[in-house]
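The values are calculated or read from the model by the stated rules, or taken from the named source; none is laboratory data. If you're wondering where the values come from, they're calculated on a predicted model, not measured in any experiment. We place every Cβ from the backbone using ideal geometry, glycine too, and count neighbours over all the protein chains shown.
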Amino acid sequence: MSTPPPEIRLLSVGTALPGPPVSNADLARRFGMDELWVQWVDAFIGTRTRHLAVDLDSGEVRYSLADLGEAAGRRALDAAGVRADEVDLLVMGTATPDRLMPATVNVVADRLGIDNVPTYQLQSGCAGAFQALDVAQQMLLTGRYRHALVVGGDVIAKHYDLGLDLRSLPPGEMVNVALFGDGAGAAVLTTDPDREGPVLRKVLTRLTGLGREPGQVLEWFGPVDHVPGRTGSREDYKAIEESVPAMSVEILKELLDGLNWTDTEVDYILPPQLSQRMTARIMRELDVPTMREVTCVTETGNNANALPFQQLERVLPLLEDGDRVLGIAVESSKWIKAGFALERV
């Protein structure tokens, strides 16, 4: 008789945000925009504040992704009561590593005192944290590892050109200044049967972008190909508005069908966090009134791979025995579906 695979439990979550919250009015003052622009952001995006790793007055990058990843990882390990030398595996998901080399995941490992373990850095947009969870889950299921630290985060503000005239940009480029924030999160997973925590029932990640144009582009300029006045990020917001709600519905159905759960048997849902306005639209499309929404984007901005951990940090203290949680994300740069399911047993 074969041995059943171990259950994987989520022991803890830690998060880190850089600096104080930055309001829409703060952005408007820095980029020379007027009150009409603030009203446009409030109505079109809905996000009120975000945290930025860049000081808007001086242009100084005050926090790196490694800084935030270290802080989130340390908080997660402390909350789990797991020492650095007990970590058997470290996986990180990000779209904005600090450098091409060394990999940011290895800088985080070094700062935390983690060594002699497999480390992986996955480069992806909003699905990166889910992909990191998937890799950690698959490796833990082999039975060779006991504790995994999973980190996700992004520092997007370092791509801002603070001297750019926003008034000269089309909406698809202007929107990014108001949309994004920075941050990091981390989670500790274990196969230890004696530890308590919700069980990770399923992780879904799947590329579905064959033949489709990217919904978002984040450039990585070198000294030769950086064209003055060209922004480092742009997106097809119309394509995102059309595709993300529909893809979220598909992800929800696939998660439920794969677990033989009904929507009324799920207590909490962690929807995609592109912006407050988009999250509200997604929730209308999902049409799951019995699930309690866990959202944070109004306060944190869209900080990409940090967001699932921000949501998890909010929902974990609320869970009671038998509660079920679904998380959903859509990576719009090349259209990746992602999701996970937790159950408190």
Taking the condition farther than 21 Å from Ala329 by Cα, out of contact with any strand residue (DSSP E or B) (no Cβ under 7 Å at 6 or more places or on another chain) and surrounded by fewer than 16 Cβ atoms within 10 Å (Cβ to Cβ), does Arg83 pass? yes
Of (1) assigned to a loop (DSSP other than H, G, I, E, B); (2) surrounded by 17 or more Cβ atoms within 10 Å (Cβ to Cβ), Leu77 fails just (1)
Taking segment 290-323, which residues are surrounded by fewer than 21 Cβ atoms within 10 Å (Cβ to Cβ) and either part of a strand (DSSP E or B) or not assigned by TED's automatic domain parsing to the domain that holds Glu242 (or both)? Arg292, Glu293
Of the residues Ile328, Ile282, which is in the same structural domain as Ser248 (by TED's automatic domain parsing) and outside any helix (DSSP H, G or I)? Ile328
Cβ-Cβ below 7 Å, separation at least six or inter-chain, first residue in segment 69-85 and without any contact (Cβ under 8 Å) to a residue 60 or more places away in the chain, second part of a helix (DSSP H, G or I) and of a type outside the set (Asp, Glu): which pairs? Glu70/Val108; Glu70/Arg111; Glu70/Leu112; Ala84/Leu77; Ala84/Leu112
With the requirement that a residue be touching a residue at least 60 places away in the same chain (Cβ under 8 Å) and in contact with a Ser or Thr (Cβ under 7 Å, 6 or more places away or on another chain), what does segment 94-108 give you? Thr94, Ala95
Flagged in segment 92-101 as closer than 21 Å to Ala304 by Cβ and not polar (S, T, N, Q), in numbering order, are Met92, Gly93, Ala95, Pro97, Asp98, Arg99, Leu100
Residues of segment 33-52 satisfying the condition of being part of a loop (DSSP other than H, G, I, E, B) and at pLDDT below 95: Met33, Asp34, Ile45, Gly46, Thr47, Arg48
Residue that is surrounded by fewer than 17 Cβ atoms within 10 Å (Cβ to Cβ) and either in the same structural domain as Leu166 (by TED's automatic domain parsing) or in a strand (DSSP E or B) (or both), where the choices are Met101, Met92: Met101
